[in-house]
1. Using a 10 Å cut-off around each Cβ of peptide B:31-43, what is the average number of partner chain Cβ atoms that fall inside?
2. May I ask you to sort B:5, B:111 by Cβ crowding, counting other Cβ atoms within 10 Å and putting the fewest first?
3. Lysines near residue A:36 by alpha-carbon distance under 19 Å, same-chain residues fewer than 8 away left out - which ones?
4. Taking the Cα centre of chain B as origin, work out the dipole magnitude from +1 charges on Lys and Arg Cβ and -1 charges on Asp and Glu Cβ, in debye rounded to 20.
5. For peptide A:39-52, what's the mean number of Cβ atoms from other chains within 10 Å of each residue's Cβ?
6. What does the charge dipole of the protein assembly as shown about its Cα centre add up to, to the nearest 20 debye, if the Cβ of each Lys and Arg holds +1 and the Cβ of each Asp and Glu holds -1?
7. Determine the gain in length on full extension of the stretch residue B:17-residue B:95; use 0.36 nm per residue of separation and subtract their C-alpha separation, reporting nm with one decimal.
8. Sort B:77-89, B:27-39 for me by packing, meaning the mean count of neighbouring Cβ atoms within 10 Å per residue, highest on top.
Amino acid sequence: GQQLNQSPQSMFIQEGEDVSMNCTSSSIFNTWLWYKQDPGEGPVLLIALYKAGELTSNGRLTAQFGITRKDSFLNISASIPSDVGIYFCAGQLSDYKLSFGAGTTVTVRA
Amino acid sequence: ETGVTQSPTHLIKTRGQQVTLRCSSQSGHNTVSWYQQALGQGPQFIFQYYREEENGRGNFPPRFSGLQFPNYSSELNVNALELDDSALYLCASSFFRGAQMNTEAFFGQGTRLTVV
C-alpha cells in the first residue's frame, strides 16, 4: 500500500520563526493535501494541491506539490502560538481514499 | 465551521460488544468516508459511501460495516469489538462529481471509542 513519510516527527519552534516540514511517498499522487489537527478535534484542511510543481499559499502557510509527484512540503512563516498542533500530509490518486502521513507535532516556544 | 457532525463524541464499550457511530455530512455533500485514527498515528481509511453504496474499502475486516442514508448521513458499525479497535473514528464528507472526485474532504470532530 501507499506509505507517506513525514518529517520531522516533531519540532519546537520559536515564535516568529519560519518552519518547514515535508512529506515523501514511494508512490505518485495526483493530489496532495495538508491538514492541521488540534487535540480532541478532527483534521482541518489547510491547503490542497492539484498539479505537479504547484505552489499555493494560504495566509502564512505555503505548500508545494513536488515535480516527481512523490513529495510535498509545507512552510509556516512567522509562527505564532496558535500554530501548535499536529500537521498531516495526505495524498490521493484518482480513487476515493486519502493516504495520510504519521504527522508532524509542532510546539511553539513563546 | 465544516458542518460535519459526529455522535457520540465519546464512547466506552466492552470487548465483544457491537457499536454504531453516526455522521451527518456537510450540506451539499453526497459522499461520506470513515477513517480510524489510533493514538499518535495518521488516519487510516476504512471505507467510503456514495449513493448509499460502499464505494471503496481499506484494509479492515468485514466486522466493520456501514450505511449511508438518502439524506447522505452515515453510520459505522463495528461488531465483536476488540481492544485494538480503541481509536478516534473520523467521518469526512465531500462531493463526488462523477469523473473526478472532489478531494476537499471535510472532517468531523470524531468519536473517541475506548474498548475495555
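Quick note: the coordinates plus some simple rules give every number you see, no bench work behind them. Note that this is a predicted model, so its numbers are computed, not measured. All Cβ positions, glycine included, derive from the backbone under ideal geometry; neighbour counts span all protein chains shown.
1. Numbers: counts 1, 0, 3, 0, 5, 0, 6, 0, 0, 5, 5, 15, 10.
For this peptide, the per-residue mean of nearby foreign Cβ atoms is 4.
2. Working: B:5 15, B:111 21.
Taking fewest neighbouring Cβ atoms as first place, the list is B:5, B:111.
3. Partners within reach: A:97.
4. Values: 8 positive and 9 negative charges, 24 e Å.
Roughly 120 debye, rounded to the nearest 20.
5. Numbers: counts 0, 6, 6, 15, 12, 3, 7, 0, 0, 4, 1, 2, 0, 0.
For peptide A:39-52, the averaged partner shielding equals 4.
6. The calculation lands at about 300 debye.
7. Values: separation 78, 0.36 × 78 = 28.08 nm, distance 3.34 nm.
Going from the current span to full extension adds 24.7 nm.
8. Working: B:77-89: 16.2, B:27-39: 19.2.
In decreasing order of mean packing, B:77-89, B:27-39 become B:27-39, B:77-89.
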